[in-house]
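First comes the structure, then the notes that go with it.
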Amino acid sequence: MSFSSSLIIGIIIVCCTLITAMIGFLILKRMALGVALAYSRTRDAFFEHLILHALADMEDAQRLREIAWRVYTRQWGGTPGLRPFDLQALEHSLLRAAGELRGSDRQILTDIFEEAGGLARSLRQLRSPRCCQRLAAVQKLRIMHSRGAVPELIRALSDRSRIVRHAALRALGEIGDERAYPFLLRALEDPDRWSVHRAADSAVAAGAAMTPLLLERFASLQDPQTQIIYVRLFGLLRDPAAAPQMLPLLDAPETPLRVAAINALGAIGGAESASRLRALLDDAHWEIRAAAAQTLGALMDRESAPLLERLLDDPVYLVRYSAAQTLICAGDNGQAVLRAVIETNQPHADPVARQALGELAYGLV
Amino acid sequence: MLTWDPGTLALLIANTLILGYFLLLQGSYLILLLISFVAVLRYRCIVDHEHWRGIIQSPLTLPISLIAPAYNEERTIVESVRSLLSLEYPEYEVIVVNDGSRDATLDTLIEHFELRAIPVTIEYSIPCQPIRDVYRSARYPRLVVIDKENGGKADALNAGIIMAAHPLFCAMDADSLLEGNALLRITRPFLEQPETVAVGGIVRIANGCRVEHGRVTEISLSSNPLVIFQHVEYLRAFLFGRVGWSALGALLIISGAFGVFKRQVVLDIGGYRHDTVGEDFELVVRMHRHMRDHKIPYRIVFLPDPVCWTEAPETLRVLGQQRNRWQRGLIDTLRIHQRMGLNPRYGRVGLLAMPYFVIIELIGPVIEMSGYLFVIIAFFLHLINLPFFLLFLTLAILLGTLLSVASVVLDEVAYRRFPRLSQVLTLVAFALIENVGYRQLTVWWRVRAFLDYWRGNKSWGIMERRGFARPGV
């Protein structure tokens with residue numbers, strides 16, 4: 001037999017082995033999964049029953065605490081009903097219930113989790129060299145809202161794994177502890193955009209309590225991209241305290257930053273904002289004119305109607321459309337302006353006025 | 001001294017060329033497979049643990065316009081639009097483009113969704129056939145229906161892009177079904193890396209699945225063997241072809257059935273081309289070209305988990321037409337952008353992806369067909385070493401099978417879509433037999449596409465749709 005034939009036979013054998021191994025893997029994986037699922041369903045049912053009673057009755061809560069303590073400390077010898085692998089089942093049931101509950105009900109489970117040893121175990125797990133272990137620990141602490149874990153979660157923001165860092169960021173945002181705020185701010189300037197998004201979510205969840213810190217940091221920011229993120233956050237937080245810092249940005253050199261500031265001012269509201277925005281309807285940049293027109297609509301500003309009428313003849317469609325929409329929002333006066341425009345047959349203004357009035361008539365506005 | 005007559009010499013050269021091609025083909029497939037395995041499992045690990053669902057609450061989420069061109073879809077359009085209107089996403093609009101349908105597609109939409117024509121100002125920033133009317137619904141404020149003159153899918157998409165109000169648009173088919181969370185999943189790269197300009201999602205076959213209210217509620221396999229072969233093909237094409245190229249940063253195809261793009265970038269490059277049948281492929285290649293020509297940092301990626309369900313052809317005739325059209329689109333796009341090939345200016349796209357598509361995807365079927373003919377001729381001329389040939393044939397079939405089975409395994413490990421083991425084993429069985437018969441048929445269709453292309457055939461062919469299976473059907 002030639003060398004090439006032997007080589008081909010060798011490769012054929014390897015291929016056959018690989019294909020057989022893959023098929024075997026598929027079958028075994030499915031079978032193992034079926035067995036594990038059946039077992040965990042039984043055990044989950046056992047613990048879910050205990051949890052349900054614990055939420056309703058103090059004595060049952062104490063019973064669950066004892067059982068949980070035995071499970072966590074692996075001292076289940078002689079305890080009726082407990083079996084191997086119950087640690088996973090207990091944690092699974094606790095996490096599932098805590099994830100669905102709010103307020104005092106969740107607090108009962110958090111207390112049981114912390115006092116029975118769940119917190120200590122999770123903190124140990126958080127120091128594991130294995131990424132998936134650390135990640136699991138962070139997720140448990142997040143769902144259980146363990147405030148005792150905040151310092152460790154802050155430390156996890158510097159974890160070598162990106163996934164763990166993101167999970168810790170989310171956990172701190174959901175727990176909502178003030179100690180984490182400075183770290184959330186730092187994450188807003190992270191080069192990793194996903195961290196920025198998670199930090200922004202957490203900042204919005206924290207609400208107006210974040211505003212003073214955000215404003216303090218915002219004053220020293222230089223990068224326009226980061227400034228835009230902060231400005232959008234101010235808009236979402238709708239805290240009037242942020243408005244004075246937004247107004248100077250209307251004259252910033254970067255158009256996107258100006259647009260963000262206009263939108264934020266629209267969300268925050270206020271008479272001074274409306275008067276400054278009216279002045280922007282004549283801006284040289286169409287993005288600014290369009291954003292100002294839209295925002296005046298959101299502010300329900302009735303004084304801008306005569307200025308907006310001029311914008312109906314703007315060379316840029318989006319500006320015309322935004323002006324028409326805002327006139328609709330301005331009420332009878334604005335709508336009268338649109339009807340008058342239709343009668344004059346202006347080439348740019350007429351179609352957009354018809355469109356806006358048509359949308360109004362059909363209930364789309 | 002050894003002397004060879006010209007016939008033997010020609011045979012030897014042909015032999016060597018085919019062997020070399022075979023090694024190149026299988027080698028590149030195996031490399032892509034390995035890259036994909038790592039990429040899919042890594043991606044799976046990330047999305048499993050990342051809070052991607054948080055996108056729905058995120059204040060920074062980008063709104064999307066879904067553009068669904070419809071041509072003679074009166075039977076399925078209501079269910080499809082209903083499904084699109086109930087997706088999980090914070091801010092989106094659904095733009096259905098009635099591309100001059102000859103049936104009652106528009107009337108069905110008007111009646112069912114209580115549509116009314118609204119006067120609009122249209123600025124044709126990219127070419128498309130005239131838009132007759134734009135309809136809106138007070139009951140479904142997210143829905144916009146455009147009625148335009150017939151111009152084909154690319155033309156309809158351009159009309160949708162013109163009317164889109166959001167910075168991202170999703171190109172899809174009106175008869176495809178998106179999974180409820182598909183938009184949430186597919187927009188992640190845009191949030192994560194703002195230089196992302198296009199993202200493709202996976203297309204799976206819905207034939208045989210149970211569909212209720214425009215949602216796939218039970219995944220199953222069709223009883224039609226032709227459809228099961230396509231299942232295996234789709235898994236291979238998406239899970240190791242596109243994932244692999246995406247991981248290499250040289251993804252050239254985003255399926256026309258499901259892809260999300262930055263609207264401004266598509267407007268900048270002039271929208272979809274009307275003069276090609278592979279408009280989805282051509283658009284992505286043109287995006288690469290534009291971004292690289294203008295030295296703009298960008299990313300075009302494929303994600304294996306946002307799912308779009310589509311109806312696959314169930315007859316040989318329709319399948320043949322579809323494959324013929326895909327191949328003509330490939331020929332056309334590679335011809336239009338031939339300057340990108342082996343051009344260092346286009347980085348991995350020019351140096352890796354374009355040559356791969358020319359050598360493996362474009363001329364591959366021709367070489368494979370020549371190989372079959374050559375073997376038959378050589379057999380009758382007694383110029384073939386039969387035992388060696390049979391060994392070689394076995395190897396070729398086994399390597400092909402290995403790739404297909406590996407795709408099934410990858411799907412099972414990462415996504416476990418099929419609820420029953422018997423379904424997975426059916427796919428494996430079809431992966432085993434696919435290389436005998438079905439593969440040769442697809443090669444023939446693709447070879448015929450060259451002839452049709454040369455004749456100037458630009459037709460789409462007919463896609464007979466039976467509609468998705470409903471409960472009790």
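Starting from the exponent 0.38 and prefactor 2.2 Å, build the expected Rg for the range A:192-309 from its residue count and divide its actual Cα Rg by it.
Dividing the Cα radius of gyration by 2.2 N^0.38 Å gives 1.06.
Quick check on the range B:323-454: take the gyration tensor over C-alpha atoms, sort the square-rooted eigenvalues as a ≥ b ≥ c, and tell me if it's rounded (a/c under 1.5), prolate or oblate.
In terms of gyration-tensor shape, oblate.
Could you tell me the ratio Rg/Rh of the range B:142-299? Both radii from Cα atoms, Rh via Kirkwood.
On the way: Rg = 16.5 Å, Rh = 17.1 Å.
Rounded to two decimals, Rg/Rh equals 0.97.
Could you name the lysines in cross-link range of B:Lys153, using Cα to Cα under 25 Å and dropping any fewer than eight places away on the same chain?
Straight-distance partners of B:Lys153: B:Lys262, B:Lys458.
Could you tell me the calculated FRET efficiency between A:Asp251 and B:Cys45, based on Cβ-Cβ distance and R0 = 41 angstrom, to the nearest 0.05?
Once the sixth-power term is evaluated, E becomes 0.30.
Determine one quarter of the surface area of the Cα convex hull of the range A:90-140, which equals its mean projected area, and express it in nm² to one decimal.
Details: hull surface 13.3 nm².
Averaging across all directions leaves 3.3 nm² for the Cα convex hull.
Enter the angle in degrees (range 0 to 90, nearest 10) between the Cα long axis of helix B:316-336 and the first principal axis of the Cα atoms of chain B, meaning the one along which they spread out most.
90 degrees
Per residue Cα convex hull volume for the range B:161-235, in cubic angstrom?
On the way: hull volume 9.7 nm³, N = 75.
So the per-residue hull volume is 130 Å³.
For B:Ala68, enumerate residues with amide H under 5 Å from its amide H, sequence gap 5+ or separate chain, H modeled in the peptide plane.
B:Ile95, B:Val96, B:Val97
How much of the pair distance distribution for the range A:126-193 lies past 19 Å, counting alpha-carbon pairs only, in percent?
Result for the distance tail: 23 percent.
Not counting ligands, DNA or RNA, and with a 1.4 Å probe, what is B:Leu383's accessible surface area in Å² rounded to the nearest 10?
Solvent-accessible area, nearest 10 Å²: 80 Å².
Could you rank the peptides A:123-129, A:212-218 by their average count of other C-beta atoms within 10 Å per residue, with the highest value first?
Taking the mean over residues of other Cβ atoms within 10 Å, the ranking is A:212-218, A:123-129.
If we sort B:162-172, A:331-341 on the protection proxy, mean other Cβ atoms within 10 Å, highest first, what's the order?
Packing order, densest peptide first, comes out as B:162-172, A:331-341.
Output ³J(HN,Hα) for the range B:288-293: one whole-Hz value per residue in order, computed from phi by the Karplus curve 6.51 cos²θ - 1.76 cosθ + 1.60 with θ = phi - 60°, and x for Gly and Pro.
Calculated HN-Hα couplings, in order: 4, 4, 4, 5, 6, 4 Hz.
Please report, for the Cα atoms of chain B, the Rg to one decimal and the Dmax as a whole number; what are they, in angstrom?
Rg and Dmax of chain B, Cα atoms, are 23.1, 90 Å.
Quick check: pseudo-label points 7 Å beyond the Cα along Cα→Cβ at B:His112 and B:Arg416, how many nm apart are they?
3.6 nm
Tell me the label-point distance for the pair A:Val35, A:Asp105, using the 7 Å Cα-to-Cβ offset, in nm and rounded to one decimal.
Label at A:Val35, label at A:Asp105, 3.7 nm between them.
Expressed as a whole percent, how much of the Cα-Cα distance distribution for the range A:13-96 exceeds 23 Å? The partial results should precede the final answer.
On the way: 1368 of 3486 pairs.
That fraction is 39 percent.
Cβ under 12 Å from A:Gly269's Cβ, A:Gly269 left aside: what net charge do those residues give with Lys, Arg +1 and Asp, Glu -1?
-2
If one puts a single equal scatterer on every Cα of the range B:26-138 and applies the Debye formula without solvent, what log₁₀ I(q)/I(0) results at q = 0.11, 0.13, 0.14, 0.20 Å⁻¹?
-0.61, -0.76, -0.81, -1.08
Starting at 0 and stepping by 10 Å, how many percent of the alpha carbon pairs of the range A:213-256 end up in each bin?
26, 65, 8
Given that compact globular proteins tend to follow 2.2 N^0.38 Å, what is the ratio of the alpha-carbon Rg of the range A:125-269 to that value? Walk me through the numbers before you get to the answer.
Details: Rg = 16.3 Å, N = 145, 2.2 N^0.38 = 14.6 Å.
My calculation over the Cα atoms of the range A:125-269 gives 1.12.
Please pull out the direction-averaged projected area of the range B:83-156, using the convex hull of its alpha-carbon atoms, in nm² to one decimal place.
Over all viewing directions, the range B:83-156 projects a mean Cα-hull area of 5.6 nm².
Could you work out, residue by residue across A:190-201, how many beta carbons of other chains sit within 10 Å of that residue's beta carbon, and then give the average as an integer?
Counting Cβ atoms of other protein chains within 10 Å of each residue's Cβ and averaging gives 4.
Of the residues A:Leu52, A:Leu185, A:Leu119, which exhibits the maximal mean-square fluctuation in a Gaussian network model of chain A defined by a 10 Å Cα contact cut-off?
Answer for the Gaussian network model of chain A: A:Leu52.
I need the semi-axes of the equivalent ellipsoid of the range B:1-45: take the C-alpha gyration tensor, multiply each eigenvalue by 5, square-root it, list largest first in whole angstrom.
42, 7, 4
With a ≥ b ≥ c the root eigenvalues of the C-alpha gyration tensor of the protein assembly as shown, is it rounded (a/c under 1.5), prolate (a/b larger than b/c) or oblate? Please list the in-between numbers first.
Details: a/c = 1.93, a/b = 1.17, b/c = 1.65.
Since a/c reaches 1.5 but b/c is at least a/b, the shape of the protein assembly as shown is classed as oblate.
Can you give the average number of partner chain beta-carbon atoms within 10 Å of each beta-carbon in peptide A:25-33, as a whole number?
Per-residue shielding by partner chains comes out at 4.
When Rg is the radius of gyration of the Cα atoms in the range B:124-211 and Rh is its Kirkwood radius, what does Rg/Rh come to?
With Rg and the Kirkwood Rh in hand, the quotient comes to 0.99.
Counting partner chain Cβ atoms within 10 Å of every residue's Cβ in A:229-242, what's the average?
On the way: counts 2, 0, 0, 2, 2, 0, 1, 2, 1, 0, 0, 0, 0, 0.
Taking the mean over all residues of the peptide, I get 1.
I need to check one value: relative contact order of chain A, counting alpha carbon pairs closer than 8 Å and at least 6 residues apart, in percent.
7 percent.
Per residue of the range A:284-295, in order, report the coupling 6.51 cos²θ - 1.76 cosθ + 1.60 (Karplus, θ = phi - 60°) as ³J(HN,Hα) in whole Hz, putting x for Gly and Pro.
Working through the residues one at a time gives 6, 8, 5, 4, 5, 4, 5, 5, 5, 4, 4, 5 Hz.
Over chain B, what relative contact order in percent results from Cα pairs under 8 Å that are six or more residues apart?
Computed over chain B, the figure is 18 percent.
Counting only protein heavy atoms and a 1.4 Å probe, tell me what percentage of chain B's accessible area is made up of carbon and sulfur.
Ligands and nucleic acids excluded, carbon and sulfur give 60 percent.
Can you divide the C-alpha Rg of the range B:140-181 by 2.2 N^0.38 Å and report the result to two decimal places?
Taking N as the residue count of the range B:140-181, the ratio is 1.25.
Taking only DSSP H segments of four or more residues, each worth -39500 (n - 2.57), what value at 222 nm results for the protein assembly as shown once the sum is divided by all its residues, to the nearest 500 deg cm²/dmol?
Details: 35 runs with 486 residues, N = 838.
Only helices count here, giving -18500 deg cm²/dmol.
In chain A, what is the volume of the convex hull around the alpha carbon atoms, normalised per residue and reported in Å³?
Numbers: hull volume 103.8 nm³, N = 365.
Output value, Cα hull per residue: 284 Å³.
With both partners inside the protein assembly as shown, how many of the DSSP beta bridges are antiparallel, as a percent to the nearest 5? Spell out each step's value before the answer.
Values: 22 of 47 bridges.
Here the share of antiparallel DSSP bridges comes out near 45 percent.
B:Ser223 versus A:Arg124, label points 7 Å from Cα toward the beta carbon: distance in nm?
5.7 nm
Report the Cα-based extents of the range A:299-365 along its three principal axes, largest first, to the nearest Å.
26, 25, 21
Classify the range B:354-410: rounded, prolate or oblate, from the alpha-carbon gyration tensor (a ≥ b ≥ c, eigenvalue square roots; a/c under 1.5 rounded; otherwise prolate if a/b is larger than b/c)?
Details: a/c = 3.70, a/b = 1.39, b/c = 2.67.
Note, shape of the range B:354-410 comes out oblate.
Tell me, what HN-Hα J-couplings in whole Hz come from the Karplus equation 6.51 cos²θ - 1.76 cosθ + 1.60 at θ = phi - 60° for each residue of the range B:112-121, using x for Gly and Pro?
Using θ = phi - 60°, the values come out as 6, 9, 6, 7, 9, 5, 10, x, 9, 9 Hz.
The values are calculated or read from the model by the stated rules, or taken from the named source; none is laboratory data. Since we're looking at a predicted model, the values are computed, not measured. All Cβ positions, even for glycine, are placed from backbone atoms using ideal geometry, and neighbour counts span all protein chains on display. The area values use the complete protein model at the heavy-atom level, side chains included, leaving out ligands, DNA and RNA. Shrake-Rupley method; radii C 1.70, N 1.55, O 1.52, S 1.80 Å.
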